[in-house]
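In what follows, a single structure is set out as structure tokens and then discussed.
Here, each number is a calculation from the coordinates, and none is a lab measurement. A quick note: this is a predicted structure, and the numbers were derived from the prediction, not measured. For neighbour counting, all protein chains shown are included, and Cβ atoms are generated from backbone atoms with ideal geometry for every residue, glycine included.
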Amino acid sequence: MNTAWITGANGLIGSCLVTTAPLAATNWRLRALTRADFDLMDFSKVETEFFKAKPQFIIHCAAISTVSGAQENPVLARRVNVVVTKFLAELAHELPFVFFSTDLVFDGRKGNYLETDAPNPLHVYGETKLAAEEIVLKNPRHLVVRTSINGGKSPSGQRAFNEQLRRSLQTAGPGMTLFTDEFRNPIPAVETARAVWDLAQKSCAGLYHVAGAEKLSRLEIGKLLIKRWPEIKTEIKSGSAKDFPGSPRALDTSLNIAKVQAVLTRPLPGLGEWLAANPQAYF
């Protein structure tokens, strides 16, 4: 069997790639890499491990993956998101290589973004992901997956958007404001993982948007999820992101997923559809 490396295997999408592999990637033997294995910023160690193990496929999930984390430490964000990605992509120059990017490479002024639309990130996180995309896409064997907010159950209990929202509601007091004018394509991470394995099995390369089939506002997402949390009594209130007293926010980074839907064996669902079909699933 061929060996596949999955970096960031303790993260949300990385862990879902590992758990879905027995059904979706039966021809691959996985090595789920975490910081306990080696530091991806130790290039000498990574190179030694690479030439020793000789993986035939790399899925690169490890990243500084939050806007706040990148803003707080832009030097580290560029090191992890750009420099490490460049190093791994160059090691894997003759192999299939998958890199995860984000809908936040866009400024949110348009929405329904195609893969051919021009990015314009508003913050360090988006800038680093865009810079890494450009590096990865220079290789015709390599695949960039732009995704939106992913949900489910993460190993740490705090990486999925539903986990973050639930924790915020639990500590918000009597009321919490969610925006009516900020839109994403939320998707269960298991669906993202399924789609990536499908693309990999079909030797797809280039740039694909992999996200939920339903564009939802933050308020709509909250109303869908709070139905699953009867123990939470916090009232959800509507508000505008334009009133948010912080850095500029990308209001509508919804992704057009027609390109990937035409390729996948099973189409990607919308969040509401998935929740209805999986009433007992952790979310």
Semi-axis lengths, Å, segment 73-219, gyration tensor of Cα atoms, sqrt of 5 times eigenvalues: 28, 17, 16
At most 10 other Cβ within 10 Å, DSSP loop - GluC sites (Glu not before Pro), segment 193-252: Glu231
Name the residues of segment 20-51 whose amide N is less than 14 Å from a point 7 angstrom out from the Cα of Glu94 along the C-beta direction? 51
Find how many whole Å separate the alpha carbon centroid of segment 138-192 from the alpha carbon centroid of segment 51-114. 17
What share of all Cα pairs of segment 78-134, in percent, falls into each consecutive 10 Å distance bin? 23, 47, 25, 4
Report, in listed order, any pair from Lys138/Lys259; Lys54/Lys259; Lys86/Lys223; Lys86/Lys242 with a Cα-Cα distance greater than 30 Å. Lys54/Lys259; Lys86/Lys223; Lys86/Lys242
Give me D for the chain in µm² s⁻¹, whole number, from Stokes-Einstein with Rh from the Kirkwood sum over alpha-carbon pairs, 25 °C and 0.890 mPa s. 127
Centre separation in Å (Cα based) which lies between segment 1-23 and segment 33-48: 17
Please report the antiparallel percentage of the DSSP beta bridges confined to segment 78-235, to the nearest 5. 15
Within segment 1-71, which trypsin sites (Lys or Arg not before Pro) sit in a loop by DSSP and count at most 14 neighbouring Cβ atoms inside 10 Å? Arg35
Could you tell me what percent of the DSSP beta bridges with both partners in the chain are antiparallel, to the nearest 5? 5
From the P(r) of segment 1-82, could you give the percentage of C-alpha pairs in the tail past 14 Å? 65
Just to be sure I understand the model, the point goes 7 Å from the Cα along the line to the Cβ. What's the resulting Asp117 to Thr48 distance in nm? 4.6
What order do you get for Met41, Met1, Met176 when you list them from fewest to most C-beta neighbours inside 10 Å? Met1, Met41, Met176
Give me, ordered by chain and number, the residues 5 or more places off Gly108 or on other chains with an amide H under 5 Å from its own placed amide H. Asp252
Pop the C-beta distance of Glu72 and Arg35 into the FRET formula with R0 = 25 Å and round what comes out to the nearest 0.05. 0.85
Exposure proxy ranking, count of Cβ atoms within 10 Å, fewest first, for Tyr125, Tyr282: Tyr282, Tyr125
log10 I(q)/I(0) for segment 176-271, Debye formula on C-alpha points only (no solvent), q = 0.12, 0.13, 0.14, 0.23 Å⁻¹, two decimals, reads -0.49, -0.57, -0.64, -1.11
Might you report the magnitude of the Cβ-based charge dipole of segment 136-241 about its Cα centre, with Lys and Arg at +1 and Asp and Glu at -1, to the nearest 20 debye? 220
For the residues Ser168, Ser65, what sequence is obtained by ranking on other C-beta atoms within 10 Å, fewest first? Ser168, Ser65
